[in-house]
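Read the structure below first, then the notes.
The values are calculated or read from the model by the stated rules, or taken from the named source; none is laboratory data. Since we're looking at a predicted model, the values are computed, not measured. Because the Cβ atoms are built from the backbone with ideal geometry, glycine has one as well, and the counts that use them run over all protein chains shown. Protein only, heavy atoms only, side chains kept; ligands, DNA and RNA dropped before computing areas. Shrake-Rupley method; radii C 1.70, N 1.55, O 1.52, S 1.80 Å.
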Amino acid sequence: SQSIVASALAKLLTVASAGRCELALEFEALHSMASGPRPQYRFIDIGANLTDPVFRGVYRGRQLHQDDFDAVLRRAAEVGVERIIVTGGSLSESKAALHLCRDQLTAGGDRQVRLTCTVGCHPTRSSEMESDPAGYLNSLRQLVEANRDLVSAVGETGLDYDREHFAPREVQMRHFRSQVSLACQLRLPLFLHCRASHAEFRAVLSEFASQLPSPPGVVHTFDGSAEDAAELLAMGFYLGLNGCSLKTADNLRVVSGLPLDRLLLETDAPWCEVKPSHAGHSHVTPSSRFESRKAERWSPGCMVKGRNEPACILQVLQVVAATLGQPAEKVASAAFANTCRLFGLAEAAAPSTVEGDN
């Protein structure tokens, strides 16, 4: 009504000197007063590290701004993100991810976005499995079995030969193989990581080819060659794309030849943003370039410069669609359907406490 608009405009004038971020908050409030149009696209971000302290305003152990986790989810919902799969990169991180997902169901927050998670141990952290491999693996198993309604995949697991200073390749290989076996036993898809290790990575997966669930999983942050992609696709895997998949002209050439029915979209937030230096950045439109500030100068309503967010999946879509030469609507719809097919996504069971957490 005219009175609502007049009141809102008056309020905007009173904060006009506060800066663009504060004004953005007022526009958001005005938008929420009416039932506006639904987002243009539907997204599922298949990989976001939402347990990272930066989403609570903590950077390298220092609190630089207030917790803005709910604002992060709100921005995601506004661009059409309906679900986020929170990445578990260790036993403790998987527990934290499960608590986050459960809290989102039971303790408020932006319920427009549904959270589920993965459970596993990242290759660069696989040394922590060494002291008690069987016990660690069994703890992962118990965590999955007690929280089936919230666990979408086993992982993040795989091989990373670029960072052997964190875990030697023989250690990575041993615990990659054990987690692939776990996924086969639990009949859950794999959430996979592969860096500078394609031949060995593919060899391990081939060992379990007859036992893997169908579909078997996704290689996230895919940045390999066209030949790598062809081999993984032939094994039934999906490929997850984010800013790190779209850095170079070679990356874009590989993506341009990928089949639409096997692509998933992700952010890997708070990392892997589409940076101005990336080959694909020219396809990012001004409408998806969000206002941001450095963490030390953070203000409510703004993103944090250098901290990727699930809302930035819109930028990934724009680059992938332009690279494929396909309408963004078609790519978004296909990726959404692919994700539902891979993870067998369904409504959550009745909320309960996180089990297997002792």
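List of remarks:
- Sorted largest first by accessible area at a 1.4 angstrom probe radius, with every protein chain in place, the residues ARG60, ARG125 fall in the order ARG60, ARG125.
- Positive-end extreme of charge dipole, segment 38-343 - chosen from PRO215, HIS65, PRO123 (charges on Cβ): HIS65
- As a calculated quantity, the FRET efficiency between SER210 and THR248 at R0 = 45 Å, using C-beta atoms, amounts to about 0.80.
- Residue-wise HN-Hα couplings along segment 266-279, as the Karplus relation 6.51 cos²θ - 1.76 cosθ + 1.60 with θ = phi - 60° gives them from phi, are 7, 10, 6, 3, x, 9, 6, 6, 7, 8, x, 7, 6, 4 Hz; Gly and Pro carry x.
- Global size of segment 173-268 as Cα Rg and Dmax, reported in angstrom: 13.0, 40
- Euclidean distance between Cα centres, segment 286-335 to segment 108-173, Å: 27
- Taking every C-alpha pair closer than 8 Å and separated by at least 6 residues, the mean separation divided by the residue count of segment 162-273 gives a relative contact order of 21 percent.
- Binning the alpha carbon pair distances of segment 38-343 at 20 angstrom intervals from zero yields the distribution 35, 60, 5, expressed in whole percent.
- The protection proxy used here, the mean number of other Cβ atoms lying within 10 Å of each residue, ranks peptides 283-291, 46-54, 91-99 as follows, highest first: 46-54, 91-99, 283-291.
- In segment 103-189, GluC sites (Glu not before Pro) in a DSSP loop with at most 11 other beta-carbon atoms within 10 Å: none
- Estimated at 0.36 nm per residue, the fully extended path between LEU345 and LEU233 surpasses their Cα-Cα distance by 38.2 nm.
- Only lysine pairs 8 or more places apart, or on different chains, with alpha-carbon atoms under 21 angstrom apart are counted in segment 38-343, and they number 5.
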